[in-house]
Amino acid sequence: MAGSPLSWLLIKTFSGINRVVPWYRLPKPLAVLNLVAIRDTLRQRNLHDTTGTMSTPGPELTAEQQRYRTARTVDGTLNDLKYPTMGSVGTRFARNVPLKFGFPDAPAALLTPNPRTVSARLLARDTFIPATSLNVLAAAWIQFQVHDWFNHGMPEPENPWELPLDQADPWPERPMRIGRTRRDPTYAPEGKDRGLPPTSINTSVHWWDASQIYGNTAEAQASLRSGDKGKLIVGADGLLPLDPKTGTDRTGINDNWWVGLSLLHTLFTKEHNAICDRLAAEYPDWSDDQVFDRARLINGALMAKIHTVEWTPGILAQPTLRFAMRGNWWGLMGERFHRGFGRLGRSDFLGGIPGSLTAHHGAPYAMTEEFTAVYRLHPLIPDDFNFRSLDGDRSLLDQTFPDVEGRNVRKLQSQIAMPDLFYSLGSSNPGAVTLHNFPRFLRQLKQPTGALVDLAAVDVLRDRERGVPRYNQFRQLLHKPRVKSFEQLTKNRVWAEELREVYDNDVDRVDTMVGMYAEPTPRGFGFSDTAFRIFVLMASRRLKSDRFFTTDYTPAVYTKLGMDWIDNNTMSTVLLRHYPSLAPFLGQVNNAFAPWPRKAR
């Protein structure tokens, strides 16, 4: 639809309407069309290539590569068969802003105001502000997904950024040192990249392929597979194998490990194995690789569906958005029509993106620096945890975040049963994504090396360092009006004054993350409408560019069993398959990411 006469008409019409009324205040039918217009505008103006991937087609598939016509590769290559390196490990992040706006500031301006000051004055959690419409599994879920999408790699060890500190600052060393983003070895500013901003490499697969479960190197994936009917390794105790080097679960990606991640990795590793059992029974002549390949596709697509039609409407609980996200998956005709009659042609508008035609909308697919920026959702993480028994809601253990992260996760799992852990997180609230709610333990996070990190200061610095425009310009480049004052940015008068002081009365210097945390949100939204602009573009793109969600989302590739598995399962059914004792609580909620009741029915 993007680029069609109807799209042009929608864009022209709603660009005028939105000068007076934002999309979320329109009647639902108009709001849905408004979202289509916003998405089409962003597709036309906010996809900018840094890779050159589509300039030279790749060679024909070799005999060994023929397997990957119907299976994902471990490193993300061969998703687009014409341009086989697109979206693979080691390729560049793209941009959602025109490249001329993607340059970082000069070093002095880049450190102004001091990121540590921004952290202490504007971001630090004073008292915990809960997001009452969600549970802590929703916080764990987005980190679980983010690990699949992007990773800039370990910072450079040399020449760190140095942040001067006030005399009263309790930080143990002066100045505060923060390693720089790892440089892109392929960036050639005096050659092929002349005139382009610095680029970064994604060390994860750009595609939505569940690589956090399966790994993105052949060695890692081989270490996770059992060799038995496509299955992954799960211990006799029902837990993932322990990595002796890190003291954490051995899985595809286990960075920044805490109990929430461990629960979800364990759950979907078990789900993979359950799918393998069904496939092996249905196709007894299949090899270990054949079962593994199909189970991975099915498991990954189920996760994408859960994210699209459950997690997203949970954190963005607005009726129009719920309808739109279900439309992304099922189409305008809806789930009931799909179940009764199947797809109506290849139109993603009528039948949903899964099963439609692949489209890159003029730019090779890649995660973007701006997408990374809007998914800085660390305020979701609580500092304190009360673990309780699902039998009578009895209190079992009180812990702080350091007690439930890293090596301590396995200790916790030896003390508390997995169903009780799920129940405890499912019936507790995460933090609200707002100013003054950044977890205190993440502002003094002890890394495995022993070094301390203020993650709030790091988040601020990373956006500046990677050329993400400051908040006002970011809004303008996403086709939203600039704010003219701190009072227009936030309705909280105290916050407005704090912002004025920290940013020296210059609203144009406000950092994008800070501005998004400060701005008023649409009713029901768990994060800002500015962040949502990147989301509405990239949420569709993650599906629309991937042949395994579009042209190859078919029974011929997934099997009829696999398509039915995806259609018929939800986050709740996955939880109940592996932890059936949760039924009395999940039976009382419509969305597994909503707070579970603390009393069994």
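The values are calculated or read from the model by the stated rules, or taken from the named source; none is laboratory data. Computed from a predicted structure; not experimentally measured. Glycine also receives a Cβ, built like all others from the backbone with ideal geometry; neighbour counts cover every protein chain displayed. Only protein heavy atoms, including side chains, enter the accessible area calculation; ligands, DNA and RNA are left aside. Shrake-Rupley method; radii C 1.70, N 1.55, O 1.52, S 1.80 Å.
Within region 298-317, does at least one residue satisfy the condition of being in contact with a strand residue (DSSP E or B) (Cβ under 8 Å, 6 or more places away or on another chain), surrounded by fewer than 21 Cβ atoms within 10 Å (Cβ to Cβ) and modelled with pLDDT under 95? The answer is yes, given that some residue of region 298-317 is in contact with a strand residue (DSSP E or B) (Cβ under 8 Å, 6 or more places away or on another chain), surrounded by fewer than 21 Cβ atoms within 10 Å (Cβ to Cβ) and modelled with pLDDT under 95.
Scanning region 467-506 for residues that are among the charged types (D, E, K, R) and in a loop (DSSP other than H, G, I, E, B) yields a total of 7.
For region 290-306, the criterion of being more than 25 Å from the chain's Cα centre (by Cα) and within 21 Å of residue 209 (Cβ to Cβ) is met by at least one residue.
Taking the condition of a type in the set (Gly, Ala, Ser) and in contact with a Ser or Thr (Cβ under 7 Å, 6 or more places away or on another chain), does residue 191 pass? Answer is no for this residue. Only residues that are of a type in the set (Gly, Ala, Ser) and touching a Ser or Thr at 6+ places or on another chain (Cβ under 7 Å) were counted in region 381-434, giving 1.
Kindly indicate which of 424, 395 is surrounded by fewer than 15 Cβ atoms within 10 Å (Cβ to Cβ) and out of contact with any His (no Cβ under 8 Å at 6 or more places or on another chain).
395
When region 51-72 is limited to residues that are among the hydroxyl-bearing types (Ser, Thr, Tyr) and surrounded by fewer than 20 Cβ atoms within 10 Å (Cβ to Cβ), the one that is nearest to residue 39 (Cα to Cα) turns out to be 55. Consider region 1-19 and keep the residues that are in a loop (DSSP other than H, G, I, E, B) and modelled with pLDDT of 85 or more. The one that is surrounded by the most Cβ atoms within 10 Å (Cβ to Cβ) is 18. Looking across region 52-107, the residues that are of a type in the set (A, V, I, L, M) and without any contact (Cβ under 8 Å) to a residue 40 or more places away in the chain come down to 61, 63, 78, 106.
Residues in region 444-466 that are assigned to a helix (DSSP H, G or I) and either β-branched (Val, Ile, Thr) or open to solvent by 40 Å² or more (accessible area, probe 1.4 Å) (or both): 3 in all.
Looking only at region 325-372, count every residue that is basic (Lys, Arg) and modelled with pLDDT under 85 and tell me the total.
2
Restricting attention to region 432-476 and to residues that are under 20 Å from residue 172 (Cα atoms) and of a type in the set (S, T, N, Q), the residue that is farthest from the chain's Cα centre (by Cα) turns out to be 449.
Within region 20-42, the only residue that satisfies the criterion of being open to solvent by 20 Å² or more (accessible area, probe 1.4 Å) and in contact with a Gly (Cβ under 8 Å, 6 or more places away or on another chain) is 32. Here residue 54 passes the criteria (1) outside any helix (DSSP H, G or I); (2) modelled with pLDDT under 90 except the one numbered (1). Contact map, region 341-358: residues that are without any contact (Cβ under 8 Å) to a residue 60 or more places away in the chain paired with residues that are among the basic types (Lys, Arg) and part of a loop (DSSP other than H, G, I, E, B), Cβ distance under 9 Å, separation 6+ or inter-chain. Pairs shown: 350/343; 351/343; 352/343. With respect to being modelled with pLDDT of 95 or more and open to solvent by 10 Å² or more (accessible area, probe 1.4 Å), residue 556 fits the description. Considering (1) in contact (Cβ under 8 Å) with a residue 60 or more places away in the chain; (2) surrounded by 17 or more Cβ atoms within 10 Å (Cβ to Cβ); (3) among the β-branched types (Val, Ile, Thr), the lone condition that residue 251 does not fulfil carries the number (1). Considering every residue within region 504-512, establish whether at least one is open to solvent by less than 30 Å² (accessible area, probe 1.4 Å), closer than 22 Å to residue 21 by Cα and either touching a residue at least 12 places away in the same chain (Cβ under 8 Å) or not polar (S, T, N, Q) (or both). No, there is no match, as no residue in region 504-512 is open to solvent by less than 30 Å² (accessible area, probe 1.4 Å), closer than 22 Å to residue 21 by Cα and either touching a residue at least 12 places away in the same chain (Cβ under 8 Å) or not polar (S, T, N, Q) (or both).
Candidates in region 412-431 are the residues that are in a loop (DSSP other than H, G, I, E, B) and either over 20 Å from the mean Cα position of the chain (by Cα) or among the hydrophobic types (A, V, I, L, M, F, W, C) (or both); of these, the one that is nearest to residue 379 (Cα to Cα) is 428. The residue of region 467-492 that is surrounded by the fewest Cβ atoms within 10 Å (Cβ to Cβ), among those that are closer than 23 Å to residue 119 by Cβ and of a type in the set (A, V, I, L, M), is 483. Among the residues of region 556-566, those that are in a helix (DSSP H, G or I) and not acidic (Asp, Glu) comprise 556, 557, 558, 560, 561, 562, 563, 565, 566.
Polar (S, T, N, Q) and within 15 Å of residue 342 (Cα to Cα): does that describe residue 554? When the stated conditions are applied, residue 554 passes them. Of the conditions (1) in contact with a Lys or Arg (Cβ under 9 Å, 6 or more places away or on another chain); (2) of a type in the set (Asp, Glu); (3) in a loop (DSSP other than H, G, I, E, B), residue 391 clears all except one; give me its number. All conditions pass for residue 391, except number (1).
Residues that are under 24 Å from the mean Cα position of the chain (by Cα), hydrophobic (A, V, I, L, M, F, W, C) and in a loop (DSSP other than H, G, I, E, B) within region 226-261 comprise 240, 253, 257, listed in sequence order.
Flag: residue 232 matches the condition of being open to solvent by less than 20 Å² (accessible area, probe 1.4 Å), in contact (Cβ under 8 Å) with a residue 12 or more places away in the chain, touching a Ser or Thr at 6+ places or on another chain (Cβ under 7 Å) and farther than 27 Å from residue 355 by Cβ. Being under 13 Å from residue 274 (Cα atoms) and either part of a helix (DSSP H, G or I) or open to solvent by 20 Å² or more (accessible area, probe 1.4 Å) (or both) is the filter here; which residues of region 567-580 pass it? Answer for region 567-580, where residues must be under 13 Å from residue 274 (Cα atoms) and either part of a helix (DSSP H, G or I) or open to solvent by 20 Å² or more (accessible area, probe 1.4 Å) (or both): 573, 574, 575, 576, 577, 578.
Checked against (1) open to solvent by 10 Å² or more (accessible area, probe 1.4 Å); (2) modelled with pLDDT of 95 or more; (3) more than 30 Å from residue 427 (Cα to Cα), residue 245 meets all criteria but (2). Screening residue 222 on (1) over 25 Å from residue 158 (Cβ atoms); (2) touching a helix residue (DSSP H, G or I) at 6+ places or on another chain (Cβ under 9 Å); (3) modelled with pLDDT of 95 or more shows it passes everything except condition (2).
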